[in-house]
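S.K.: Here you go, one structure.
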Amino acid sequence: MKSTSTAIKSYRVSGGGGLTLYVEEAGNPRGIPLLFIHGFNQCRLAWRKQIHSSLAQDFRLVALDNRGHGLSDKPANAYGESALWADDIQAIITGLELDRPILVGWSYGGLIIFDYLRFHGEKNIRGVNLVNARSRIGTEAALAETGAEYLALRPGFFSDNVMESIKAQEQFIRLCTYREPSPEDLYFFLGFNSIVPPYVRQGLMSRCFDNDSLLASLQIPFLITHGQEDRILPTSHALHNAGLLSRATLSWYGETGHNPFWERDERFNNELSSFALSL
């Protein structure tokens, strides 16, 4: 799927607790909706290679800035309650009248998807694509399956010192890819990583729970996409999730790190399209 020029619509949506979320839409308004949910410290622009691709011919493409990220509101003390995250996604689905969307969650985005499913159920969701995605955080098991290089960046993530913070962001971006990112990619990602306040990063990382019992109860289909060279979240976690879900398909990406949708975008887009059209 080649890159295309895509018209973008933007929205302000009132999410959980009244927090304002920034949302963008592109693609075919009559197509199956794909709702893209980014990971820790990112923003909607991480999905650029999906929004500006031939996916736009067939699908309604929606991407948000999670609370605390991008152009969405960034208040203090608004990141610990699962119900708030769940209500953010519900507000977008209802506000934009998305008809049984497919939720596509990268990394921390997986936690947000499970927040949504826990509080709002699966009846209005067509399916889920977990992309190197987490289902648990803060527990001993979650720490055991988190890369040591990533954990070592925490002091920099939480620092108010600009140079310490930027250094951590740069190292984080490099950890996300199998190969050294180009200067263009590095500074593209660094731009929106660096505007996330340290208190938001700390709020996200302070959560502690798992979703094992929830995963075991779900009946909707899941596509689990995972880079086999991920230095942040190893393949064992994808296997863990697949073992709990009743309808899961695993797709392994060799020589790929934490963001296969960016490193292997053509394959990723084709697989997402096939998954969506099969439902």
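S.K.: Got at least one residue in the range 211-222 being surrounded by 23 or more Cβ atoms within 10 Å (Cβ to Cβ) and part of a helix (DSSP H, G or I)?
M.R.: no
S.K.: Filter the range 3-38 down to the residues that are under 21 Å from E266 (Cβ atoms) and either modelled with pLDDT of 95 or more or in contact with a strand residue (DSSP E or B) (Cβ under 7 Å, 6 or more places away or on another chain) (or both) and list them by number. Spell out the reasoning first.
M.R.: Narrowing the range 3-38 to residues under 21 Å from E266 (Cβ atoms): 3-6, 26-28, 31-32, 34, 36, 38.
Listed by number, the residues that qualify are S3, T4, T6, A26, G27, N28, G31, I32, L34, F36, H38.
S.K.: Which residues, counting only those in the range 233-257, are open to solvent by 40 Å² or more (accessible area, probe 1.4 Å), farther than 21 Å from L214 by Cβ and part of a strand (DSSP E or B)?
M.R.: Once the filter is applied, which keeps residues that are open to solvent by 40 Å² or more (accessible area, probe 1.4 Å), farther than 21 Å from L214 by Cβ and part of a strand (DSSP E or B), the range 233-257 yields only W252.
S.K.: Just for strands (runs of 3 or more DSSP E) wholly inside the range 1-64: which have at least 2 residues that are open to solvent by 20 Å² or more (accessible area, probe 1.4 Å) and not β-branched (V, I, T)? Steps first, answer last, please.
M.R.: Values: elements: 9-14, 20-27, 32-37, 59-64.
In the range 1-64, the matching strands (runs of 3 or more DSSP E) lie at 9-14, 20-27.
S.K.: Also, quick follow-up: Which pairs have Cβ atoms under 8 Å, sit 6 or more apart or on different chains, and link a residue in the range 138-154 that is within 26 Å of I166 (Cα to Cα) to one that is hydroxyl-bearing (S, T, Y) and assigned to a loop (DSSP other than H, G, I, E, B)?
M.R.: Listed by first residue and then by second, the contacts come to G138/S206.
S.K.: Name the single residue, out of those in the range 103-124 being open to solvent by less than 10 Å² (accessible area, probe 1.4 Å) and hydrophobic (A, V, I, L, M, F, W, C), that is farthest from H258 (Cα to Cα).
M.R.: L117
S.K.: Something else: Looking only at the range 210-220, decide whether some residue is touching an Asp or Glu at 6+ places or on another chain (Cβ under 9 Å) and within 27 Å of N77 (Cα to Cα).
M.R.: Yes; the residues of the range 210-220 include at least one that is touching an Asp or Glu at 6+ places or on another chain (Cβ under 9 Å) and within 27 Å of N77 (Cα to Cα).
S.K.: Being under 22 Å from A26 (Cα atoms) and not hydrophobic (A, V, I, L, M, F, W, C) is the filter; apply it to the range 74-102 and report the residue that is most open to solvent (accessible area, probe 1.4 Å). Even if it seems obvious, please write down each step before you answer.
M.R.: Step one: list which residues in the range 74-102 are under 22 Å from A26 (Cα atoms), which gives 88-102.
With the extra rule that they be not hydrophobic (A, V, I, L, M, F, W, C), the set shrinks to 88, 90, 94-95, 97, 99-101.
Numbers: D88: 4, Q90: 50, T94: 79, G95: 56, E97: 146, D99: 100, R100: 99, P101: 0 Å².
The extreme case among them is E97.
S.K.: Condition check: part of a helix (DSSP H, G or I), open to solvent by less than 10 Å² (accessible area, probe 1.4 Å) and β-branched (V, I, T). Does V196 satisfy that? Working first, answer last.
M.R.: Values: part of a helix (DSSP H, G or I): no; open to solvent by less than 10 Å² (accessible area, probe 1.4 Å): yes; β-branched (V, I, T): yes.
Against the criterion (part of a helix (DSSP H, G or I), open to solvent by less than 10 Å² (accessible area, probe 1.4 Å) and β-branched (V, I, T)), V196 does not qualify.
S.K.: Residues P260, P181: which one is surrounded by 19 or more Cβ atoms within 10 Å (Cβ to Cβ), in contact with a helix residue (DSSP H, G or I) (Cβ under 8 Å, 6 or more places away or on another chain) and free of Cβ contacts under 8 Å to residues at least 60 places away in the same chain? Walk me through how you get there before you give the answer.
M.R.: On the way: P260 fails: free of Cβ contacts under 8 Å to residues at least 60 places away in the same chain.
Matching residue, one of P260, P181: P181.
S.K.: Quick check on my filter: what residues within the range 161-173 are among the charged types (D, E, K, R) and either more than 18 Å from G147 (Cα to Cα) or open to solvent by 80 Å² or more (accessible area, probe 1.4 Å) (or both)? Steps first, please.
M.R.: Pass one, the range 161-173, residues among the charged types (D, E, K, R): 164, 167, 170.
Hits for the range 161-173 are E164, K167.
S.K.: Sticking with this one: Any residue at all in the range 33-54 that is more than 20 Å from V196 (Cα to Cα) and over 19 Å from the mean Cα position of the chain (by Cα)? Give the derivation first.
M.R.: Filtering the range 33-54 for residues more than 20 Å from V196 (Cα to Cα) gives 33-35, 49-54.
Among the residues that remain, those that are also over 19 Å from the mean Cα position of the chain (by Cα) are: 54.
Yes, because at least one residue in the range 33-54 is more than 20 Å from V196 (Cα to Cα) and over 19 Å from the mean Cα position of the chain (by Cα).
The values are calculated or read from the model by the stated rules, or taken from the named source; none is laboratory data. Values in this document were obtained by computation on a predicted structure and should not be read as measured data. Note that each Cβ is placed from the backbone with ideal geometry, even for glycine, and that neighbours are counted across all protein chains shown. Ligands, DNA and RNA are stripped out before the accessible areas are found, and what is left, the full protein with its side chains, is counted by its heavy atoms. Shrake-Rupley method; radii C 1.70, N 1.55, O 1.52, S 1.80 Å.
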